[in-house]
Amino acid sequence: MRLEDVEAVLAIEEAVQAYPWTRGNFLDALAAGYDAFVALEDEAVVGFIVLMRAVDEAHLLVIGIAPGYQRAGYGRALLDHALRLMQGAGIRRLLLEVRPSNTAALAFYRQAGFAEIGRRRGYYPAAEGREDALVLAKELS
Ligand SMILES: CC(C)(COP(=O)(O)OP(=O)(O)OC[C@H]1O[C@@H](n2cnc3c(N)ncnc32)[C@H](O)[C@@H]1OP(=O)(O)O)[C@@H](O)C(=O)NCCC(=O)NCCS
């Protein structure tokens with residue numbers, strides 16, 4: 001992901017998330033040197049992923065595929081790219097949080113080999129108060 005991709009990334013994020021990352025969040029992630037990639041179709045950004053490394057673990061911070069391009073393998077391609085990169089860099093575990101209500105994302109992560117390892121109470125803002133987060137992990141060998 002380059003600086004010039006951020007507007008397209010933000011448009012996708014705002015289309016797919018009720019509580020989207022802001023432009024500032026994406027700019028901060030790039031400035032901090034987080035691993036950030038886009039999926040392109042005909043040179044147009046159709047998806048993105050951002051990860052943060054911490055010693056021998058990495059955290060999947062955000063992933064989004066444009067509504068018209070979901071279920072076409074872009075999410076899996078971005079995730080596989082990130083997994084290969086992390087594995088090559090000696091990262092032993094990839095972690096993420098997901099809303100229990102996000103059944104599509106849960107199916108996506110489970111299909112990719114992630115398992116639930118915990119729950120953070122009231123982690124996310126929600127229409128009525130707060131929503132828990134499920135914590136998912138995938139061991140990289
Ligand atoms: C979750 C998301 C990133 C998945 O990306 P995608 O490109 O649509 O998914 P893929 O096409 O790579 O799917 C790979 C596999 O994951 C599973 N999967 C993906 N979406 C699914 C859905 N809606 N329902 C059930 N299984 C699903 C399937 O097993 C799929 O393989 P198949 O299509 O051969 O059956 C995408 O739907 C998205 O951007 N959602 C909105 C944002 C979001 O929720 N981000 C995650 C927040 S934690």
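The values are calculated or read from the model by the stated rules, or taken from the named source; none is laboratory data. Everything quoted here is computed from the prediction, not taken from an experiment. Cβ coordinates were reconstructed from backbone atoms using ideal geometry, including for glycine residues, and neighbour counts include every protein chain displayed.
Restricting region 69-106 to residues that are within 8 Å of the ligand (Cβ to nearest atom) and part of a loop (DSSP other than H, G, I, E, B), the residue that is nearest to L134 (Cα to Cα) is R99. Here W21 meets each of (1) out of contact with any strand residue (DSSP E or B) (no Cβ under 8 Å at 6 or more places or on another chain); (2) of a type outside the set (D, E); (3) in a loop (DSSP other than H, G, I, E, B) with one exception, condition (1).
Within region 114-141, being exposed (fewer than 12 other Cβ atoms within 10 Å of the Cβ) and either in a loop (DSSP other than H, G, I, E, B) or in contact with a His (Cβ under 9 Å, 6 or more places away or on another chain) (or both) holds for A127, E128, S141. Of all the listed residues (D35, D132), the sole one being more than 14 Å from the chain's Cα centre (by Cα) and touching a residue at least 24 places away in the same chain (Cβ under 8 Å) is D132.
Looking for something within 16 Å of the ligand (Cβ to nearest atom) and touching a residue at least 60 places away in the same chain (Cβ under 8 Å) - is there at least one such residue anywhere in region 55-68? Within region 55-68, not a single residue is within 16 Å of the ligand (Cβ to nearest atom) and touching a residue at least 60 places away in the same chain (Cβ under 8 Å).
Restricting attention to region 53-68, report how many residues are touching a helix residue (DSSP H, G or I) at 6+ places or on another chain (Cβ under 8 Å) and outside any helix (DSSP H, G or I).
Looking only at region 53-68, we keep the residues that are touching a helix residue (DSSP H, G or I) at 6+ places or on another chain (Cβ under 8 Å), and these are 53, 58, 60-67.
Adding the requirement that they be outside any helix (DSSP H, G or I) leaves 53, 58, 60-66.
So the count comes out to 9.
For region 83-91, does any single residue satisfy the condition of being under 30 Å from A127 (Cβ atoms) and modelled with pLDDT of 95 or more? No, there is no match, as no residue in region 83-91 is under 30 Å from A127 (Cβ atoms) and modelled with pLDDT of 95 or more.
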